[in-house]
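Take a look at the structure below.
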Amino acid sequence: MALPGAEVFERAGLRAWPGIEVEHDGHWVRRAANGYTKRANSVQPLDPADVADAPARIAAARTWFERRGLRSAFRITPLAGGAVVDALDAAGWVAIDHSQLWAMDLGSTAPDPRGELLAPDDPRFLDAQQRLQDYSDVQRHGLAALLAALDVPAAGIVLAGADGAPAASGLVAIADGIAVAGNVVTDRAQRRQGLAAAMMRSGLDWAYRQGARIAALNVMAGNDAALALYRGLGFRPQYDYCYRVPGDEC
């Protein structure tokens with residue numbers, strides 16, 4: 001089965017990783033989530049043809065973020081028109097966090113018996129994320145608030161190590177038939193033991209049983225360990241993207 005294009009993946013991503021506050025400017029979507037991740041706190045153009053008045057709309061978006069005490073950001077995917085990119089260049093916005101969306105057809109996957117599926121708001125999932133991500137209480141609160149905005153099926157996965165403590169964790173949310181994985185993390189002292197792959201297999205098996213037939217995720221282009229993990233699971237790169245932020249805010 002042929003995988004869909006960028007618009008399908010990006011729209012699924014908007015639902016699987018929601019903003020708490022959302023505002024539309026034509027086919028641009030502004031999202032804010034108290035600063036927790038750039039993905040949920042950025043502008044996403046969703047139509048390459050929607051480029052009218054780009055400089056003024058970029059300035060308005062920056063003001064929108066500033067009023068909320070947030071760093072301004074644009075998520076630049078193949079859906080951003082060339083005139084938008086040119087206007088960001090002219091305004092001095094710089095590219096950061098070069099990344100890729102990876103995807104694959106999803107088939108039946110053997111889950112790992114150590115992987116526990118939890119509701120995204122389950123304190124055990126939030127505890128595992130906080131411990132493994134080394135989150136502050138403020139960051140944990142930001143994650144919990146974002147997950148509370150989810151309106152699609154989702155599962156938090158926690159895989160225990162030999163000592164019974166969380167060793168790997170992640171989130172899978174299903175939007176538009178696509179299982180979108182994120183927040184994948186492994187205990188630093190237990191990396192390269194296959195724990196993240198085992199945790200992911202449990203999450204992907206859950207998504208398949210829920211009816212998802214495609215899986216997708218976002219990954220930093222230079223994260224060699226993550227790229228190897230996802231390639232081993234069957235994911236393949238689909239397109240590049242980055243974030244653009246004002247040069248004077250760097």
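The numbers here are math on the coordinates, done by the rules we state, and not lab data. It should be emphasised that the depicted structure is a prediction, and the values quoted were computed from it without experimental measurement. All Cβ positions, even for glycine, are placed from backbone atoms using ideal geometry, and neighbour counts span all protein chains on display.
Prolate is the label for the chain, because a/c, from the alpha-carbon gyration tensor with a ≥ b ≥ c as root eigenvalues, is 1.5 or above and a/b exceeds b/c. Each label was represented as a point 7 Å from its Cα along the Cα-to-Cβ direction; for A149 and Q193 these points are 3.6 nm apart.
Residues with beta-carbon under 13 Å from that of P153, excluding P153: net charge, scoring Lys, Arg +1 and Asp, Glu -1? Mind showing how you got there, number by number?
Numbers: positive: R15, R209; negative: D151, D176.
Cβ neighbours under 13 Å give a net charge of 0.
The shape of segment 1-96 comes out oblate: with a ≥ b ≥ c from the C-alpha gyration tensor, a/c is at least 1.5 while a/b does not beat b/c. Pairs of Cα atoms nearer than 8 Å and 6+ residues apart set the relative contact order; for segment 104-239 it is 30 percent. Under 10 Å, Cα contacts only: if you run a Gaussian network model on the chain, which one of D50, D97, D134 comes out with the highest mean-square fluctuation? Result: D134 has the largest fluctuation of those listed. Among V158, V172, V184, the residue with the largest mean-square fluctuation in a Gaussian network model of the chain, with springs joining Cα atoms closer than 10 Å, is V184.
The packing ranking, built from the mean of other Cβ atoms within 10 Å per residue, places the peptides 108-121, 205-218 in the order 205-218, 108-121, highest first. Against the main long axis of the alpha-carbon atoms of the chain, helix 224-233 sits at an angle near 60°. Computed on the chain, with alpha-carbon pairs under 8 angstrom and 6+ residues apart, the relative contact order is 26 percent. When the chain is treated as a Gaussian network with alpha carbon springs shorter than 10 Å, the biggest mean-square fluctuation among R39, R192, R30 belongs to R192.
Quick check: residue separation of L3 and S108 times 0.36 nm, minus the Cα distance between them. What number comes out in nm? All intermediate terms of the calculation are to be shown ahead of the outcome.
Details: separation 105, 0.36 × 105 = 37.80 nm, distance 1.73 nm.
This chain segment gains 36.1 nm when fully extended.
Under the simplified labelling scheme, the N223-H27 pair shows an inter-label distance of 2.9 nm, with each label point 7 Å from Cα along Cα→Cβ.
Sorting the segments 144-151, 163-170 by their residues' average number of neighbouring beta-carbon atoms within 10 angstrom, most packed first, yields 163-170, 144-151.
Rounded if a/c is under 1.5, else prolate if a/b is larger than b/c, else oblate: which is segment 56-177, with a ≥ b ≥ c the root eigenvalues of its Cα gyration tensor?
Details: a/c = 2.56, a/b = 1.79, b/c = 1.43.
Since a/c reaches 1.5 and a/b is larger than b/c, the shape of segment 56-177 is classed as prolate.
Relative to the longest principal axis of the Cα atoms of the chain, the long axis of helix 6-16 lies at roughly 70 degrees.
With Cβ to Cβ distances under 10 Å as the rule, what net charge do the other residues near V43 carry (K, R +1; D, E -1)?
On the way: positive: R30, R31, R57, R62, R75, R244; negative: E23, D25.
Computed value for this residue: +4.
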